[in-house]
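A quick write-up on the structure given underneath.
The values are calculated or read from the model by the stated rules, or taken from the named source; none is laboratory data. Please read all numbers here as calculations on a predicted model, not as lab measurements. No Cβ is skipped: glycine too gets one built from the backbone with ideal geometry, and neighbour counts run over all protein chains shown. Protein only, heavy atoms only, side chains kept; ligands, DNA and RNA dropped before computing areas. Shrake-Rupley method; radii C 1.70, N 1.55, O 1.52, S 1.80 Å.
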Amino acid sequence: MAGQITLRMHRDAVTFRKSTEVAALRAAPGAALALAARLADEAAAGRLRRLGQLGRFELVAPVASPAAPAPAPAETETETDRLDTWLDAARTARDVAAGSHVWTTSDDGVPFLPTGEIHLVFDPTLSDAAMNAIIARHGLLLGECRGRGAFVAQTGPRAPNPMRVAAALAAEAGVFLAEPDLASPMVRHRAPGGAESAAGDPWHLENTGFHNGAGVGFRAGADARVVRAWEALDRDGRGRGRDDIRIAMIDDGFDLAHPDMAGRCVASHDFTRRGADVSPDWGDWHGAACAGLALAGGVSGRTIGAAPDARLVALRWGRDLSDREVEAWFAHAGRCEAAILSAAWGPAARIYPLSTRKAEAIRRLAREGRGGRGCVVVVSAGAQGWDFDAPEDAPDRALNGFAAHPDVVAVTATTSMDTLAEGANRGACIWLAAPAGGVGGWGVPTTDVSGFVTLPDGGVLHRGEGPGDRMVMPGGPSAACALTAGICALVLSANPTLTARDVRALLAETTRPLPDQRAPEGIAEGSAGARRDPRYGHGCVDAYAAVLAASQMPGARALAILRDETGCDHIPAPAP
């Protein structure tokens, strides 16, 4: 069908549809301000709508002029034709280096923008001459060699759209893989709201059933058993997490001067500003809150994370989810010797396949990081109300390539009442749940961005969610992801010889069941996968049981992972 292309991205065949309304423009060198000013003038005149930036491109929606004469019936243009005509004209402007179509994977309208790079892998038995002929035929410029017959190439100035180039390359005999690099926005996986609050006991660490002066909204035991895990570690003199265990967090910014975070960061990098300063831009308060849940030190006596003695590698994310960006984030975490990586965010698009480059970046870190033992990669499963296992024609069907990666721990959220958090996504890829608050219960206390900005009139504007340095996060899988990352640090403190695969399996083996947890339909009681619930995964994370199990293991060993009737990984229940 015209206007759409189906491409194989790593393991998934995905149909991309060309937008008939939105285009993208990249400024010529030194002309960014001039282009921005011109687009602002055109927007003010009603000739286009500016939709924000994605990577180095500005997204715009041209507006058809109502004064333009209607074409004759024989000359009727489609919306695609009109956008093509507009883009052809836009590309001739002196302040424009490139103009591109924008693509979507569903009716959510979330943009996918080709960067111009294509990951190209040939049959390694193909001759150099045959490879050269294909490269020349499609007008490619080689940029990197990634092994025999594997390249990252750039489309040439006269080549068609990179999507069409990738499709044509994939049809060539002798081409194993041809994937375009696509920039797309990410979203923070937190519940809306959040406010400065003096109240807020850390019930998620130990839930007695009575906190904040009330028993309403609490269920005793609806927690992650973190306090009991600390007690177990303290008996062995290992404190609340070893200071040589590093948690890398990729997020929107961090407050490293916060009293409960001071001295805890051992490495930092900002992939947007290209430096070590990871302080947040205005409104980017998410990373500070997540870091507090993982490893705030409790110095103030008001906020404490799951692993306060662990150390932070703070990575402020880049501009988008392009291959180049994601590869850089995960590679940097590996260079910083991170034992755990927390990604408390996800793609904005409902249908988001991982490219092979992104999948390989995750695999390398998870299997080869930390001196070969692997880095435990913890990701948020999201809370948009989507079903990762729904049929293709279902309205809530979704694909999150990050959560579905076989080497990650995909985490969903439960409340202070031990129920599923509102809107939590569901599917076989969810590995476990963690208590993080939500509707029907209480939020979780954590660190807020501190400090203030003095206005020209002498007024004060506080940074963060409120005037102090502490907040109550309303919950969601962001908080669950950060909490689980901290718990992983406790597990590795108990036994640092464990591999990332060991930790992933051990977390599942030691989960506690949720009150309404049940196996998928068709899975017999007592069989493999009997506790695997598409809402909760294997169950709620239990830090105490995991730490105890880790400390009793003589060294690194791979726990058994079976495959259940649905084809999902499963940890067998321990023998009675």
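Remarks
- Residues in the stretch 256-278 that are of a type in the set (D, E, K, R) and open to solvent by less than 20 Å² (accessible area, probe 1.4 Å) were compared, and the one that is modelled with the highest pLDDT is ASP270.
- When restricted to residues that are open to solvent by less than 70 Å² (accessible area, probe 1.4 Å) and out of contact with any strand residue (DSSP E or B) (no Cβ under 9 Å at 6 or more places or on another chain), the stretch 221-235 contains 6.
- Each residue in the stretch 147-194 was checked for being without any contact (Cβ under 8 Å) to a residue 40 or more places away in the chain and either among the basic types (Lys, Arg) or not in a strand (DSSP E or B) (or both), and 12 pass.
- Annotation note: of ARG364, ARG350, the sole residue that is over 15 Å from the mean Cα position of the chain (by Cα) and among the charged types (D, E, K, R) is ARG364.
Per-residue answers, yes or no, for (1) under 23 Å from ALA543 (Cα atoms); (2) of a type in the set (D, E, K, R); (3) assigned to a strand (DSSP E or B); (4) modelled with pLDDT under 95:
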residue	(1), (2), (3), (4)
ALA291	yes, no, no, no
ARG302	yes, yes, no, yes
LEU315	no, no, yes, no
ARG319	no, yes, no, yes
GLU325	no, yes, no, no
TRP329	no, no, no, no
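- Residue within the stretch 287-299 that is open to solvent by 10 Å² or more (accessible area, probe 1.4 Å) and more than 18 Å from MET473 (Cβ to Cβ) present: yes
- Any hit, the stretch 236-248, residues being crowded, with 16+ Cβ neighbours inside 10 Å, part of a loop (DSSP other than H, G, I, E, B), of a type in the set (Val, Ile, Thr) and within 24 Å of the chain's Cα centre (by Cα): yes
- Count of the stretch 19-33 residues, restricted to those that are more than 16 Å from ASP88 (Cα to Cα) and open to solvent by 30 Å² or more (accessible area, probe 1.4 Å), is 4.
- Positions within the stretch 448-494 being of a type in the set (S, T, N, Q) and open to solvent by less than 10 Å² (accessible area, probe 1.4 Å), in sequence order: SER478, THR484, SER493
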